[in-house]
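Here's the structure, in structure tokens; my notes come after.
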Amino acid sequence: MKLIQFSVSPAFSMQQVISVWVRDPRIQKNDFWHAFIDYEICLHTNSVSFTKKTSRVRRRYSEFVWLRQKLQANSLLMLQLPQLPPKNPFFSLNNAQQVADRMKGLQTFLEKILQSNLALSDSCLHLFLQSQLSVSEIEACVSGKTSFSVAQAVHNSSLRRFHSEEDLRKDLTVSCDSDSDSSECRDSRHQNKDLALNKSKSAVTLDLTGTC
């Protein structure tokens, strides 16, 4: 996938760059009858707007729709938001061209959003891009209804979804240094590997991967 970089109006002399990719579409099955596609969002930046300079999360189309609505509401109509790729009633999870076109449209949407200083000041955008919280959990977090802050949710994000506030609270209480070799940290890493392995078995990867 083509890398597109762009500059945000610098507050300092060094040029600030935000690079974003939308890639790796995967079919996720809720049950035998229901499935959806989610996409990996990779972000690399040196912008002072982000405390975390590199991140990866997975989001589905309906979450992009939520993000656009939330940004529009929070900006009090002061922000002219780009359009998302239109919802297609005949969209097929198995149609590679349709999936590729939607993925390209989602990346274009994020690239334009990230050029807006007003959007960059919205906590919903940061949690969408750099945390594993669901949209309902994001709303609770930015409203101050969780025991963890926006910064904590971003800092402690990993490649799994928190299904409840209790899950995130447990993750926040166990902070292992990457070089640590304690038994507690080793057990935590083994559990994370098992979670990743189980997730990979349940996901069907389409032949539309890019290079992050």
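Take each peptide in 121-129, 67-75, count the other Cβ atoms within 10 Å of every residue, and average; sorted highest first, the result is 121-129, 67-75. Backbone geometry of region 67-77 corresponds, through the Karplus equation with coefficients 6.51, -1.76 and 1.60 at θ = phi - 60°, to 3J(HN,Hα) couplings of 4, 4, 4, 5, 5, 5, 5, 5, 7, 6, 6 Hz, x marking Gly and Pro.
If the chain linking Ser134 and Leu118 were pulled fully straight, counting 0.36 nm for each residue of separation and taking away their Cα-Cα distance, it would gain 3.5 nm.
Leaving ligands and nucleic acids out of the surface, order His155, His34 by accessible area at 1.4 Å, largest first.
From most accessible down to least: His155, His34.
The modelled label-to-label distance for the pair Val17/Lys52, using points 7 Å beyond Cα in the direction of Cβ, is 2.2 nm.
Extension gain for Thr108-Asn95 works out to 2.6 nm (0.36 nm per residue, less the C-alpha to C-alpha distance). Note that region 18-157 shows a convex hull volume over its alpha carbon atoms of 116 Å³ per residue.
Of the peptides 83-92, 100-109, the ranking by mean beta-carbon count within 10 Å, highest at the top, reads 100-109, 83-92.
Take every Cα pair under 8 Å whose residues are at least 6 apart in sequence, average their separation, divide by the length of region 18-157, and the relative contact order is 23 percent.
The values are calculated or read from the model by the stated rules, or taken from the named source; none is laboratory data. This structure is a prediction, so every number in the text was calculated from the model and none was measured. For neighbour counting, all protein chains shown are included, and Cβ atoms are generated from backbone atoms with ideal geometry for every residue, glycine included. Calculation scope for accessible area: heavy atoms of the full protein, side chains included, ligands and nucleic acids excluded. Shrake-Rupley method; radii C 1.70, N 1.55, O 1.52, S 1.80 Å.
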